[in-house]
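The values are calculated or read from the model by the stated rules, or taken from the named source; none is laboratory data. Everything numeric here is computed off the predicted structure, so don't read it as measured data. Neighbour counts run over all protein chains shown; Cβ positions are idealised from the backbone, glycine included. Remember, those area values only see protein heavy atoms, side chains included, never the ligands or the DNA or RNA. Shrake-Rupley method; radii C 1.70, N 1.55, O 1.52, S 1.80 Å.
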Amino acid sequence: MLHLDTLLLVHLCVTLLTTALVAASANYADSPPELRWWAAGNVCVSLGVVMSLVETLPPLLTSVAGYGVIAFGLALVLRGLRVYGASTLPWPAIAAITAVALLVPWYYTVLAPSRAARLVFSGFYFGALDLWCAAAIARHGGWRVNAIAVTGFVALGLALLLRGVHMLCGAGLSDPANALMMGVTALVIPLAQICIAFGLIVMVMWRYAERLRRLSTLDTLTGTLNRAGLELQGKRVGLRAQRGGRSLAVVMIDVDHFKSINDSHGHLVGDEVLRHLSALLRLELRPHDVLARFGGEEFVLVLDDLSLADALALAERLRARIASTEVALADVVVRFTASLGVAGSVRHGYDLIRLISAGDAALYQAKRDGRNRVGAG
């Protein structure tokens, strides 16, 4: 037979330890907001669990305030999960969740005292909140990352719902079957809490790893892909085009006389020119195209399903747009031009390096021909 008092003590210890773990993970300046919501929610849940388990406290604290604090904590955790999924849970909803957890136990404590009714309510209500948390994570996707936390919330929710159903079926508090059910529930709850705590931390670690991966492939000045990002994304676009039997084109873009701009106006103006150029290039991008800063003042476009003729027309539009705009920084106004080189897969195949080399050769031929023009490779 499971010893209920021992399991409740284990439940309390695990609650406090997992709360300390999540709170420690959130205790630094750059912690994500969702982790701070999870930490605050876990602290409240721990406080509510302690209040509800200490039998020497007045019933209004154990059965009413304790349930309200637990519900408030779960609502904060749910808010964090919604923030993780780029959404939120408004404060009126949090207040409503907490109010229900206060009013119903108050009714069954003051107006119609019934411990069994309070246990039925807590099982159904907190079980439903835990399943809501699981649904909030599952809706976000990414099962390889979120599976641990979803499993924990589902196990916790189902254990509480099962306890509520068992009590609703009329099991007495002194019934041996009820003692077994309460023992099993008290065993499942701490195990589920461990899954939840580690699952939440894994989710945050994955989010940070993804952020670092993106930063490692981005050019910090222009926000475009860097050489590493070009190699990764450009090869993917090339493979998709080759498998689909579509044309692939590369456009190389280089600012004319960029050194003169830096020498005449300073590097801050030169940086602004590069940012301005990258913004112009983005205007012509389709969702599946790739834009990268190839180095210095040179950029590259990788264009899926675009013939050489269409790529040349696009390059000419870009050349004209670049030549007709100006960059203003403080009291300095700069006009600049660019030379472009275009290469296509019909002549050079789908190898990205070969296409870039051909486009680069066409670009430098355009520069030799007088700059501010488009060359075909």
Using 7 Å Cα-to-Cβ label points, what is the F198/A96 separation (nm, one decimal)? 3.6
T151 versus R214: modelled label distance in nm, points set 7 Å from Cα along the beta carbon direction: 2.8
Students sometimes get this wrong: rank L111, L303, L61 by accessible area, probe 1.4 Å, all chains present, largest first. L111, L61, L303
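Give, to the nearest whole percent, the P(r) tail of the chain beyond 29 angstrom, counting all Cα pairs.
57
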What accessible surface, in Å², does a 1.4 Å probe find on H265, ignoring ligands, DNA and RNA and rounding to the nearest 10? 80
Using θ = phi - 60° and the Karplus form 6.51 cos²θ - 1.76 cosθ + 1.60, what ³J(HN,Hα) does each residue of the stretch 215-225 get, whole Hz, x for Gly and Pro? 4, 6, 10, 10, 7, 5, 6, 9, x, 7, 5
Relative contact order (%) - criterion: Cα under 8 Å, at least six apart; region: the stretch 319-377: 36
The stretch 318-377 to the stretch 55-95: how many Å between their Cα centroids? 58
Rounded to the nearest 0.05, what FRET efficiency is calculated for T337 and E231 with R0 set to 41 Å and r the Cβ-Cβ distance? 0.90
Give me Rg over Rh for the stretch 227-375, both radii from the alpha carbons and Rh done the Kirkwood way, two decimal places. 0.98
Extension gain, R286 back to A361 (0.36 nm per residue minus Cα-Cα distance, nm): 24.5 nm
FRET E, pair R368, A323, Förster distance 25 Å, beta-carbon r, rounded to 0.05: 0.85
Which whole-number percentage describes the relative contact order of the stretch 52-131, with Cα contacts under 8 Å and a sequence gap of 6 or more? 33
When N is the residue count of the stretch 22-175, what does its C-alpha Rg come to as a fraction of 2.2 N^0.38 Å? 1.08
Largest-first principal axis extents of the Cα set of the stretch 42-85 (Å): 41, 13, 8
Considering only protein heavy atoms, what per residue accessible area in square angstrom results for the chain with a 1.4 angstrom probe? 48
Roughly how many Å² of T337 are accessible to a 1.4 Å probe, to the nearest 10? 40
For the chain, with all protein chains present and a 1.4 Å probe, just round the carbon and sulfur fraction of the accessible area to a whole percent. 64
Expressed as a whole-number percentage, the relative contact order of the chain with C-alpha contacts under 8 angstrom and at least six residues apart is 12
Calculated SAXS-style log₁₀ I(q)/I(0) at q = 0.12, 0.17, 0.18 Å⁻¹ - the stretch 221-311, Debye, Cα scatterers: -0.40, -0.72, -0.79
Averaging over all projection directions, find the projected area of the Cα convex hull of the stretch 307-377 and quote it in nm² with one decimal place. 5.3
Taking amide H atoms as placed 1.01 Å from N in the peptide plane, list the residues 5 or more away in sequence, or in a different chain, whose amide H sits under 5 Å from that of N372. A338, S339
Compare the Cα positions of L187, Q233, L131 along the charge dipole of the chain (+1 at Cβ of Lys, Arg; -1 at Cβ of Asp, Glu; about the Cα centre) and return the one farthest towards the positive end. Q233
Excluding ligands and nucleic acids, what accessible area in Å² is computed for W106 using a 1.4 Å probe, to the nearest 10? 100
